[in-house]
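The next block holds one structure in the form of structure tokens; read it before the comments.
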Amino acid sequence: MSGIDRCQVAIAGAGPVGTVMATLLAQAGISVIVLEAGQDCARDLRASTFHPPTLEMLDQIGITPMLLDKGLKAPVYQWRDRGSGEKIEFDLSELSDITRYPFRIQCEQYHLSRALAEGLETHPQADVRFGNRLLSFVQDDAGVDLSVETMTGIERIRADFLIGADGANSVVRKWLGIEFDGFTYPERFLTLSTETDLAAYLPDLSYVNYVSDPSEWLVLLRVPSVWRVLVPVNGAVDEAELTSDVNKNAIFDRLIGSGASVNTQHRTLYKVHQRVAKSFREGRVMIVGDAAHLNNPLGGFGMNSGLHDVFNLFEKLLPVLKGQAQADPNLSLYERQRREVTHSFIQSQTKQNMAFISGGAGAAHEARRRELLAIQQDDARRRAYLMRQAMFQSLEDAALIR
């Protein structure tokens, strides 16, 4: 399809959300062009958790076996009290009656997008164009006209529909003029990755650990190649200072007592947002994933909720493309289901996770600890909690919205 300037669906963004959508469409016989400003799929070091329902969805495009092969199975995750060393465990194996994947898979997201991009390059219905930046678009009743910047000039594409999977700074969302309501956390998050085995220093670590502490909370995640340490830092401090050896040493001194001995492979500083677009769809243009919503990383909902957007949208869009349904009712239902569940579940749950791990000393800290223990020790509450944290509940809630 190289050089074609006409397609049924154009997708801005070749991250995991964009490449999954493109694969679903191409496998269904829909012509699709994927536009990616970068020269390849970005090696994003943040998202690394695949929840059980996401693994079930990805089975539809045949990619789950790769994730199982490359990733780590993490059925158990912990909330740990940094001061006392107490750990409160939750085991997704309890959900084995409703899913064939009663665990998280810990695997860097770029493995997914790169594998799918490689598959799309050989698919007759797909055209992945790296080094192609969407500049602008205009839609009418019959389609969308795109202007795309390449290394040598400006190219134009005519598509029946456009999907913005182009991340937090989405050009698609901005051109639509959609407000991105919410807030940015005052602290920034610093992610450090190291081959040092933290489990040798901290007893009984799981692959996923939320470490609560009034002074400095942490998230400790194991992926196949490294341990990742996520820690909040003062957003007003200079970036060079926050990513310096001095700060790295201090963080690991407090964590395992020998910071200078720890080598890091990456030190990434980023802002964290809680934002939801006022609309996920305008006419023949839809937004998905980070282009539509952002939340803090506690719980691993960000990438997963974006992939849930994709499967929901695909279900609504395919009958329209095949002439079996009208666009407005189907695509409006996508927008209602995913936007409402983002507000009612994803945003509220990630904020609650943040409160559990980070907030306050003294009585407030103890109250949150007691609440988690009460959930863990009550069969019904624990089941409901696991359903929420594994994201089954959000999918059930979305399906009820008509």
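Just a few scattered comments:
- On Cα atoms only, tilt of 109-121 relative to the major axis of the chain in degrees: 20
- Only Cα pairs under 8 Å and 6+ residues apart enter the sum, and on that basis the relative contact order of the chain stands at 19 percent.
- Taking the DSSP bridge list for the chain and keeping only pairs wholly inside it, about 70 percent are antiparallel.
- For the pair residue 154 and residue 70, the difference between a 0.36 nm per residue extended length and the Cα-Cα distance amounts to 26.3 nm.
- Taking 12 Å as the cut-off, the amide N atoms of segment 262-294 that come nearer than this to a point 7 Å along the Cα-to-beta-carbon line of residue 201 belong to 262-264.
- Extension gain, residue 249 back to residue 174 (0.36 nm per residue minus Cα-Cα distance, nm): 23.0 nm
- For segment 112-229, the alpha-carbon coordinates run over 60, 38, 26 Å along the three principal axes, in decreasing order.
- With one equal scatterer per alpha carbon and no solvent term, the Debye-computed log10 I(q)/I(0) for segment 197-310 at 0.11, 0.16, 0.18 1/Å reads -0.48, -0.88, -1.03.
- When each of the peptides 105-112, 246-253, 94-101 is scored by the mean number of other C-beta atoms lying within 10 Å of its residues, the order from highest to lowest reads 105-112, 246-253, 94-101.
- Over the chain: Rg over Rh, Cα atoms, Kirkwood Rh: 0.98
- Separation in nanometres of the label points that stand 7 Å from Cα toward Cβ, at residue 96 and residue 396: 2.1
- The phi torsions of segment 87-101, fed into the Karplus equation with coefficients 6.51, -1.76 and 1.60 and a -60° offset, translate into couplings of 10, 10, 9, 10, 10, 5, 4, 5, 9, 5, 7, 10, 8, 7, 10 Hz, rounded to whole numbers, with Gly and Pro shown as x.
- Here the gap between residue 266 and residue 213, fully extended at 0.36 nm per residue and compared with their Cα-Cα distance, gives a gain of 16.7 nm.
- Sparse packing (at most 15 other Cβ atoms within 10 Å of the Cβ) combined with a DSSP loop state is found for the following chymotrypsin sites (Phe, Trp or Tyr not before Pro) in segment 149-247: 201.
- Cα gyration tensor shape of segment 43-122, rounded if a/c is under 1.5, else prolate or oblate by comparing a/b with b/c: oblate
- All Cα-Cα distances of segment 110-178, cut into 5 Å bins from zero to the largest, leave 3, 14, 21, 24, 22, 13, 4, 0 percent in each bin in turn.
- Between 0 and 90°, nearest 10: helix 302-321 axis offset from the chain longest Cα axis: 20
- Semi-axes of the equivalent ellipsoid for segment 1-134, Cα gyration tensor, largest first, Å: 35, 17, 10
- For the chain, adding -39500 (n - 2.57) for each run of n ≥ 4 DSSP H residues and dividing by the number of residues yields -10500 deg cm²/dmol at 222 nm.
- Comparing mean-square fluctuations of 136, 215, 84 from a GNM of the chain with C-alpha springs under 10 Å, the top value falls on 84.
- Candidates 14, 199, 74, ranked by Gaussian network fluctuation over the chain, Cα under 10 Å, top entry: 199
Rule-based calculations on the coordinates, nothing more; no lab input. As the structure is a computational prediction, the values presented were derived from the model and not from experiment. So basically every Cβ, Gly included, is an ideal-geometry build from the backbone, and we count neighbours across all protein chains shown.
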